[in-house]
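Presented below is the structure to which this report refers.
The values are calculated or read from the model by the stated rules, or taken from the named source; none is laboratory data. Just so it is clear, the model here is predicted, and its values are computed rather than measured. Backbone-built Cβ (ideal geometry, glycine too); neighbour counts: all protein chains shown. To get the accessible areas, we keep the full protein, side chains included, count just its heavy atoms, and leave off ligands, DNA and RNA. Shrake-Rupley method; radii C 1.70, N 1.55, O 1.52, S 1.80 Å.
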Amino acid sequence: MKTKLLYLDDAYLKESSAKIVSINTKSPQVEIVLDQTIFYPQGGGQPADTGTIQTDKGIFTVSHVSYNDGLILHKGKLEGLMNIDDKALLKINWETRYHNMMLHTAGHMLDQAVKNIDNKNFGVDGNHGIAKRAFVAFKFPVDESLIGKIEDEINSIVHKNLKITAENISEKEINKRKIKLQFELPKNKDLRILSIGSYNPMPDGGTHLKTTNECSKVSITGIQEKKGQWRVSYSIEDRENKIKKDKSDSSNKIISISELKSKVTNVQNLIKNDLIENLVKEELKTKYLGKKGIFNDLAKIISQVGSANKRQAGQILNELKTDITESIEKSVVTSGNSQKKWVDLTAPGIKPKTGHMHLVSQAMEEITQIFERIGFSRSRYPEVDWDWYVFESLNMPKNHPARDEWETFFVDAPMNKKMGKIVLTTHTSNGQVREMERLNSKPPIRMINIARCYRRQQDATHTQMFHQFEGLVIDKGINIQHLKGTLDYFAEQFYGPGTKSRIRPFHFQFTEPSLEVDFSCHICHGTGFLDEKTNKVNGEAREGALGHAPENQRQKCKFCKSGWHEVGGAGMVHPNVLTAGGFNPSLYTGFAFGWGVERTYTLKEGLNIDDIRLLYSGDLKFLEQF
Ligand code: FA5
């Protein structure tokens, strides 16, 4: 196997993914081999790249990279864990690599520049930055008096902005195109050839710039004879200068009117803030209108707005200047008066804005606490779950019509033989069998499971994503009275003293008997009529008076219309569900209930939320009221 060398196809790749092929922790440094890499291994005079290789569980800091028989060895320090076949994210230290690319390309341009001056001379060796040295060694003498000339020549190649390309090419093709190579090269092997403009190509395996003028200015720093070769040393303008140049180039980009407007708004906000802070008038003038002030700085943008927008931009800037001048004039604090940065301790304070939990989170917190007080513990189960937990283990076999009521979203994923399809769970009842399994089918179970649920429904009382809370109690001797007691306890705790619960017969596949649960309306106290409120003794309607007047003379409660609000379902756990969870139904019984968090919460006194979609509108004007 060979490592795929991504840097040969695209030398500008700063990041890529790869798979770990081997990890050797035995050598003094950890060595990692990948199936492909963007890390350049030291060679051809170009230094190795550094950077990081990251997986889910570990990070590897690459300090050296080398080539060995088709494999690239990444050496460095491993923190955490990495395994063969792990997917990894590779990142090279781009600034260093880019500098190395510049130096390498400059080396090839230097070779060409000397050749342009002395047709017979050519480079035989090169170092493009290893150990911070850079030179090209020439076969024939290069005289020191030529330094200026070589420098001019190489920088003229830089300014010509020639295209730099690399291609893999066979020996046959080299001969066909009459490409003259300076060295004996391996036979019968494809070569990588680098071309700068129309100059004669040269073999090269390094990373290079795309055009010559991407390189900073090149300086020749000396010429030295060594071992019968003439080393011409060179340097390029330092990296910081190049980066600064790139930044100033990017400041030439066109600025749109909306970008300008947003910059103007920023300045207006800034000055508003400074006025609140009581900055001295003179300081404000220098800061905003001074020669090097914020306004003049912003006004330079006019050269970047494009001719079509110049007029409008000028107008916007003029308005800003008037605005700034007027604002500064309004400032009462001057260096002459001693009020600089005065603080009026009697002024009412500015209340810092604090956020709060979303209403639904507040409700979940309160519900959890209410049930924890009577020994329930909070569980969480997946909101993307197997059909088995959502339906089948709950006594709803495949194709059972009862499933239709849960308008289900199915996940487009392979199905499992036992577990069935993957669905977005339609109710928190998926936690019933999961909780029984978690406790190894050992009683007692007192679970409160609060989670997100999903159904294909959307109207004032239904959202596609909503929350339910599910209670499950299993033990010996649990009966329906325990359920009713729990409902009454919750009603009083959540809605306030006097609130009652009511159960009505219903049908769910997973409970027997099944019930629907209602709570009494806090406005009409369960009577359905508003006039009852004033005719109560200990919460009960008083005999006589309006409580027994004919219905058409009485005012109906608009909030509930019947005295009761339905919140959800409940019942005694079906023996088949107990069996699916590993419990013996002849020994154990249990009850369960499942209600909508949003629905239960919006019925609270004083909320007046008649459309639960508002809860998810993200409208701060609504949310901030609570
Ligand atoms: C169920 O989901 C049963 N799993 C409840 C249950 C649990 C019964 C345990 C027995 C034992 P139902 O489909 O009725 O039942 O939903 C219960 C409550 O969830 C509803 O009354 C409502 O308050 C809430 N709800 C259901 N669908 C939505 C929706 N699309 N948007 C908001 N709330 C919803």
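Rolling a 1.4 Å probe over the protein heavy atoms gives the range 253-330 an accessible area of 63 Å² per residue. Probing with 1.4 Å while keeping every protein chain in the model, the per residue accessible area of the range 556-598 equals 37 Å². Pairs spanning more than 18 Å between alpha-carbon atoms, out of LYS115/LYS180; LYS261/LYS310; LYS120/LYS176: LYS120/LYS176. Kirkwood analysis of the range 98-245, using all unique Cα-Cα pairs, places the hydrodynamic radius at 15.7 Å. For the range 31-170, the calculated P(r), taken from all Cα-Cα distances in 10 Å bins from zero up to the bin holding the longest distance, is 11, 32, 28, 18, 9, 3 percent.
Farthest towards the positive end of the charge dipole of the range 253-330, among the residues LEU275, GLN304, GLY293, is the Cα of GLN304, using unit charges on the Cβ of Lys, Arg, Asp and Glu. For the range 410-483, taking Cα atoms only, Rg and Dmax work out to 15.4, 44 Å respectively.
With contacts taken as Cα pairs under 8 Å and at least 6 residues apart, the chain reaches a relative contact order of 8 percent.
Principal axis extents of the Cα atoms in the range 331-445, from largest to smallest and rounded to whole angstrom, are 86, 39, 23.
Report, please, the projected area of the range 4-92 averaged over directions, based on the convex hull of its C-alpha atoms, in nm². Convex hull of Cα atoms, orientation-averaged projection: 5.3 nm².
When only Cα pairs below 8 angstrom with a gap of at least 6 residues are kept, the range 83-171 shows a relative contact order of 24 percent. How much of the accessible area of the range 253-330, in percent, comes from carbon and sulfur atoms when a 1.4 Å probe is used? Carbon-and-sulfur percentage of accessible area, whole number: 51. Bridges between two residues of the chain, per DSSP, are antiparallel at a rate of about 95%.
Of all the accessible heavy-atom surface of the range 4-92, with the other protein chains kept in place and a 1.4 Å probe, what percent is carbon and sulfur? Numbers along the way, then the final one.
Values: 2130 of 4380 Å².
Looking at the range 4-92 in its full context, I get 48 percent from C and S.
To the nearest 10 degrees, how steep is helix 310-330 against the longest Cα principal axis of the chain, on a 0 to 90 scale? With both axes taken from Cα atoms, the answer is about 70 degrees.
For q = 0.05, 0.08, 0.10, 0.11 Å⁻¹, what log10 I(q)/I(0) does the chain give under the Debye formula with an equal point scatterer on each alpha carbon and no solvent? The Debye formula, applied to the Cα set alone, gives -0.52, -0.93, -1.01, -1.06. Applying a 4.7 Å cutoff between beta carbons, the unpaired cysteines of the chain are CYS215, CYS453. Each residue, GLU365 and MET1, gets one label point 7 Å from its Cα in the Cβ direction; the gap between the two is 5.1 nm. Listed by chain and number, the lysines whose alpha-carbon sits under 23 Å from that of LYS351, ignoring those within fewer than 8 places in the same chain, are LYS272, LYS341, LYS621.
Please sort 565-574, 600-609 by packing, taking for each peptide the average over its residues of neighbouring beta carbons within 10 angstrom, highest first. Spell out each step's value before the answer.
Working: 565-574: 22.2, 600-609: 15.5.
Sorting 565-574, 600-609 by mean packing, highest first, produces 565-574, 600-609.
Rg/Rh for the range 253-330 stands at 1.00; both radii use Cα atoms, and Rh follows the Kirkwood definition.
Where does each of 460-469, 164-173 land if you order them by average Cβ count within 10 Å, highest first?
On the way: 460-469: 18.0, 164-173: 13.9.
Packing order, densest peptide first, comes out as 460-469, 164-173.
Mean residue ellipticity at 222 nm, helices only, the chain: -8500 deg cm²/dmol; runs of at least 4 DSSP H residues each add -39,500 (n - 2.57), and the sum is divided by the number of residues.
Averaged per residue, the range 4-92 has 49 square angstrom of accessible surface, using a 1.4 angstrom probe with ligands and nucleic acids left out.
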